[in-house]
Amino acid sequence: MSQFAVGHLSLILLIPLVGAVVLLLIPRQQRQVLLTVSLLFSLAAFVWSMRLFQAFDAGNGDMQFVERVTWMPAFGIAYIVGIDGISLFLVLLTTFLMPLAILASWPVREKIKEYLFFMLVLETGMLGAFVALDLFLFYIFWEVMLVPMYFLIGIWGGARRIYAALKFVVYTMAGSLLMLVAIIYLATRYAHVHQVLTFDLLQLYNLHLPVNEQTWLFLAFALSFAIKVPLFPFHTWLPDAHVEAPTAGSVILAGILLKMGTYGFLRFAIPLFPNAALAMAPVIIALAVIGILYGAAVAMMQADFKKLVAYSSVSHLGFVMLGLFALNIQGIQGGIYQMISHGLSTGALFFLVGMIYDRRHTRMIDDFGGLWQQMPVFSVFLLIVTFASIGLPGLNGFIGEFLILLGAFSVTPGWTAAAACGIILGAIYMLWMLRRLIFGPLTHPENQKLVDLSHRELLILAPIVALILIMGVYPQPFLSRMQPSVDLTLKRIVTSQAAPVATNHGTSGEMKTDGR
Amino acid sequence: MDASLIPLLPGAQVLLTALVVMLLDLFIDEHERGLLAWISLLGLALCGAEAILLWGSSEGTFGDTLLLDNFALFFTQIFIAVAALTVLSSMRYVRETGIHEGEFYSLILFATTGMIVMAAANDLMVFFLGLETMSVAVYVLTGMWRSSARSSEAAMKYFLMGAFATGFLLYGIALIYGATGSTNLNQISAYLLEPQGQWPPYLFVGGLLLLVGFGFKVGAVPFHFWIPDVYEGAPTPVTGFMAVAVKAAAFAAWARILMHELSPLDSDWALPLRVLAIATMTIGNLLAISQPSVKRMLAYSSIAHAGYLLIGIVAGEEWGSTSLLFYLATYAPATFGAFAVITLLTEQDKPKEDYGHFAGLGFKRPFVAMAMSLFMLSLAGFPPLAGFTGKFHIFRSAIIAGHTDLAIIGVLNSLLSVIYYLRVIVMMYMNEGGVKGKSFIESPYLYTAVGLAAAATIYLGVLPMRTLEWSRSAFSSLF
């Protein structure tokens, strides 16, 4: 892409940012204009990402559309972006969900200008974290995401929003700051061994450290990602943040931000420190399965619809982690597939929560019942999305879960059996929730005046449900694009085990930096 | 004695401006005194231009007691930039609070002269001369708001504590002179590098006293007690000046004396410095969390930042010193900007510095609040702002020097600091009420100062290379 001044990926990063700046120039009274402009910019990013999807070479597992611009050459820091079969779909998921999230923001009354501004900045931040191939750059995007999300929860959230927002930031930063130390340490070690200072991920892959050093670094990275996923027992920020956030905020949190953690494991923690990852895999698998069962059990007891969906995320993301740490092709592919599926189905569930909350200003499941009679269209969507989330064959959730169990079974049959019980628990709480919400008699008189979905709301849900069906019936276009990149990641793990370990020479004192 | 006057130029320029301002003040009418601020700015701008033109020189004068090298010039640039911002942000403030303008501006300039001498001093006596010129001027500045009891109290406290610290420094200088036979840094260094059996034990006592004196001046724990009261009591623009320029001057002298010339003693004060750094960061941050006033919180935050800077001193060598200089450059705009925003909230000589006074600011004054958020996020170390690049290089230097544990303690401290910096943002954006319509100092110059500080915060975060390069060559010029 070197012939372009601004490459494909940079353009996708720039579009929402430019949109955010344009918003600042529009007076705040022009509500409709503000909303339309931000919708158009997020749609433009989506259209451009579809072109990326077309141009993507499915047979190639390497990084594609790579752009390199020197930034701080004396420190080996560069602007490097690129995508492979793993990040491609996460980029698409982001650009796909963002216009829908903005469409769902129409009912936001207060301070809409700032709200949309933060949404678009957030989009750039998330996309940047998925495409960055320089650890310094990645860290910047990783932290940049935090600020707009903090404002979105803190200003437009529910009653306990300030507490939830601060908890979200402090938890995330606790992990990421230690990751920063690990990043600097890693680059410094690379400079000892290879005499070149660089933060370029693809080069750092070639550094093979002794196992105990790897373990420390892996733990620093893993803590940061585990908090984001969230892996049990680092999940306690999630119910607060998800419940207090405005609808679009919850959708983005569950749909995209949580994937940042699992993506981080797959892109950084595992291939950079493969020996440590292998050594730690049993622990992480155990935590993942505990998370699956714990999340499901807690979700079952929730009286609040939104909290139920929030805890179901803990359970579903446990499956993703189980798949990734099976460290074989089925497990990892299933994990990625499940990331996308979860982004769609949980995103849709949060949209649906928001839609009835807008009507009734309550999210207590007991306040509803018999909605089928009053809101048939809503109920159909809820039904499909819930089934997708349970993992009904023919819908997207099934493929991911099946592949994960397949991959994990060959590694740890015991834990996999326990995880399979989690699927049953998931079916129980989801179906029970359905029964209490939409079936049965319409007992509450307030619910008799409820109106069914508007055109705008249909427009939000229809594309998601369409994708849920497509991914459930025809997974091949997705899996075939992931496979080469997953193969390559696995190959890195295998070669690294065979590679000679970097010696510990020159740990103090002299260090060469490149370019001087 | 062969005495080239060129190395004196930047300092003399500021001194001359100070004298002009002071004299002119006697002859001009009350309502024309605004002119004095412009004269001060002109003088500072000329000094800045001279400093740019002289970049790269390394000339000593008066028997090498004063050395104008890149190190001195780098700090000179920081001092005059902060002094200029202080003048800009005080133009309206001094009228509101009834501070006498002529004296205010000339004292700022005198203090700046002292700092420039401190950064260029190559002799312990000259360093002491600069330090006293600066300190005496700042003592007076602290107490200049005469209708405020807090201000007078702060001045008294500052003076007593400052005099105490001066005593330590002077005693330390005397002992070092006794041991080495010279106050000139080059000769002291030469003495220390001589291969010989024993150094007299009071040399170490002298070094330790010097350390204590510097600890007082930069506000390192446990020598920090004066900082919160003095920073809170002083007129806010002066507080900004103190928190940035005075601190930078003390670090400049510290870096030149302890890190370079006395570096053969490194192994002896590695441990005390480590303890000092850890205590300063941790205690500064912990105490900042519970402060009810933003101004006081910033005072404690400046203590915590002195702790991060000490990591640079502990790390030492090339990267430690470069990142120390760079960190000072990144810390300056955010801290000064934050104090400038507090200045803005002053109403009719009533300061409004509590968290509550920031409530609702986000939607009443979007640009002021946005700037304040930038400053807070930068101080908390969020990328891509100046504070992040500063911390990145400080922690990196610690890791390179093998002090990974210090880097970890440093990042955990940043986490603590997030709690109180974000509280300001919570107040501005997530609480209603607070400031009513006309309660701001409406001054275009003050807004300019805030805007410049915000621009610098972003610039140093996104494009830090040039300043890093300057810091590096400033450090190399010491050798």
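The values are calculated or read from the model by the stated rules, or taken from the named source; none is laboratory data. Computed from a predicted structure; not experimentally measured. Glycine also receives a Cβ, built like all others from the backbone with ideal geometry; neighbour counts cover every protein chain displayed. SASA here: full protein model, heavy atoms, side chains in, ligands and nucleic acids out. Shrake-Rupley method; radii C 1.70, N 1.55, O 1.52, S 1.80 Å.
Results, tabulated for the structure shown:
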item	result
Percent of C-alpha pairs per 10 Å bin, the range A:94-141, short to long	25, 43, 25, 8
Peptide-level mean, for B:370-377, of C-beta atoms on other protein chains within 10 Å	1
Heavy-atom surface of the protein assembly as shown, accessible at 1.4 Å and reported per residue (Å²)	33 Å²
Model label zone, A:Leu479; criterion: amide N under 14 Å from point 7 Å along Cα-to-beta-carbon; scope the range A:328-351	A:329-338
Shape parameters for the range A:62-108, alpha-carbon atoms, Rg then Dmax in Å	16.2, 49
The range B:194-239 - Rg over Rh from alpha carbon coordinates, Kirkwood radius	1.30
The range B:6-476, relative contact order in percent, only Cα pairs under 8 angstrom and at least six apart counted	15 percent
Rounded if a/c under 1.5, otherwise prolate or oblate - the protein assembly as shown, Cα gyration tensor axes	prolate
Too-long pairs where the Cα-Cα distance tops 31 Å, listed order kept, from A:Lys259/B:Lys295; A:Lys111/B:Lys295; A:Lys306/B:Lys391; A:Lys228/B:Lys247; B:Lys157/B:Lys364; B:Lys247/B:Lys364	A:Lys259/B:Lys295; A:Lys306/B:Lys391; A:Lys228/B:Lys247; B:Lys157/B:Lys364; B:Lys247/B:Lys364
Using a Förster distance of 60 Å, the FRET efficiency for B:Leu16-A:Leu24 (Cβ separation, nearest 0.05)	0.85
All-pairs alpha carbon distance profile, the range B:6-476, 10 Å steps from 0, percent	4, 22, 33, 27, 11, 3, 0, 0
Average projection area in nm² (convex hull over Cα atoms of chain A, one quarter of hull surface)	23.3 nm²
Alpha carbon centroid spacing (whole Å) that separates the range B:333-387 from the range B:18-82	28 Å
Whole-percent carbon and sulfur share, accessible surface of the range A:157-283, 1.4 Å	68 percent
Estimated inter-spin distance, B:Leu35 and A:Ala417, nm [label 7 Å along Cα→Cβ]	9.5 nm
Per-residue mean of C-beta atoms belonging to partner chains within 10 Å, peptide A:422-432	0
Shape category assigned to the range B:47-187 from the gyration tensor of Cα positions, a/c cut at 1.5	oblate
Shape box of the range B:36-103 [Cα atoms, principal axes, largest first, Å]	45, 21, 16
Cα pair distances in the range B:378-429, grouped into 5 Å bins until the bin that holds the longest one, percent each	5, 21, 23, 23, 14, 6, 4, 2, 0
Other protein chain Cβ atoms within 10 Å, averaged over every residue that makes up A:178-185	6
Ranked packing of A:36-48, B:112-124, B:389-401, most packed first, by mean Cβ within 10 Å	B:112-124, B:389-401, A:36-48
Value of relative contact order over the range B:95-182, rounded to a whole percent, pairs C-alpha under 8 Å and six or more apart	23 percent
Compactness of the range A:109-168 - radius of gyration and Dmax, Cα, Å	12.8, 39
The range B:198-298: chymotrypsin sites (Phe, Trp or Tyr not before Pro) falling in loop per DSSP and having at most 14 other Cβ within 10 Å	B:Phe225
Whole-angstrom gap from the range A:397-451 to the range B:112-137, using each part's C-alpha centre	73 Å
Whether the range B:293-371 is rounded, prolate or oblate, judged on the alpha carbon gyration tensor where a/c under 1.5 counts as rounded	prolate
Rg over Rh [alpha-carbon atoms, Kirkwood Rh] for the range A:273-494	1.03
Efficiency of FRET between A:Gln32 and B:Arg95 - r from beta-carbon atoms, R0 51 angstrom, step 0.05	0.65
Translational diffusion of the range A:199-259, µm² s⁻¹ [Kirkwood Rh, Cα pairs; Stokes-Einstein; 25 °C; 0.890 mPa s]	179 µm²/s
Burial order of peptide ranges A:403-413, A:417-427, A:433-443, A:284-294 (average beta-carbon count within 10 Å, highest first)	A:284-294, A:403-413, A:417-427, A:433-443
